[in-house]
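Q: The following block contains the structure, expressed as structure tokens.
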Amino acid sequence: MSMIGTLIEKEQVDKFKIIPAEIDNSEKFMSRLQSALRLGNEFKSKTDIVFNTEEGPMRIETTVWSLTDKYLQIKHGILIPLRSLIAVEY
């Protein structure tokens, strides 16, 4: 399955202005993100995350470090708003 979004390095995330996705899928993705968090912490496995920016959808392959009801956190303390998520795959 080909994922949408331009693949970027996770270190580049903060160079983009992250905006909300057309549809807020925060709740839909929550259990998937909790699984991704577990996979990252226990097995160091990466998750493909697509989020919306002013330049269009961007995709990263990363480990989810932590999760709140509004954000997911990746390496270097970078926060991605759940409202900006378009896809979560692992």
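Q: Just how much of residue 90 is accessible, in Å², when a 1.4 Å probe is used and the result is rounded to the nearest 10?
A: 130 Å²
Q: Ok, one more. Any idea what the alpha-carbon Rg over 2.2 N^0.38 Å comes to for the chain?
A: In units of the 2.2 N^0.38 Å rule of thumb, it is 0.96.
Q: Could you give the length gained on full extension between residue 70 and residue 28, defined as 0.36 nm per residue of separation minus the Cα-Cα distance, in nm?
A: Values: separation 42, 0.36 × 42 = 15.12 nm, distance 1.28 nm.
Additional length available on full extension: 13.8 nm.
Q: Taking all pairs of distinct Cα atoms, average 1/r, flip it, and tell me the Kirkwood hydrodynamic radius of the range 38-80 in Å to one decimal place. Don't jump to the answer; show the numbers that get you there.
A: Values: mean 1/r = 0.0908 Å⁻¹.
Result for the range 38-80 stands at 11.0 Å.
Q: Aspartates and glutamates near residue 15 by alpha-carbon distance under 18 Å, same-chain residues fewer than 8 away left out - which ones?
A: The reachable aspartates and glutamates, counting only those whose Cα sits under 18 Å from residue 15, are 54, 55, 61.
Q: Further question on the same structure: Using only alpha carbon pairs under 8 Å that are at least six residues apart, calculate the relative contact order of the chain and give it in whole percent.
A: Once normalised by length, the contact order is 36 percent.
Q: With +1 on the Cβ of every Lys and Arg and -1 on the Cβ of every Asp and Glu, and nothing else charged, how large is the dipole of the chain about its Cα centre, in debye rounded to the nearest 20?
A: Here the size comes out at about 220 debye.
Q: Here is a further query. On a 0 to 90 degree scale, rounded to 10, what angle separates helix 26-43 from the longest Cα axis of the chain?
A: The answer is roughly 50 degrees.
The values are calculated or read from the model by the stated rules, or taken from the named source; none is laboratory data. Predicted, not measured: the structure shown is a model, and the values here were computed from it. Here the Cβ is made from the backbone with ideal geometry for all residues, glycine too, and neighbour counts use every protein chain on show. Quick note on the areas: whole protein, heavy atoms, side chains included, nothing else; ligands and nucleic acids left out. Shrake-Rupley method; radii C 1.70, N 1.55, O 1.52, S 1.80 Å.
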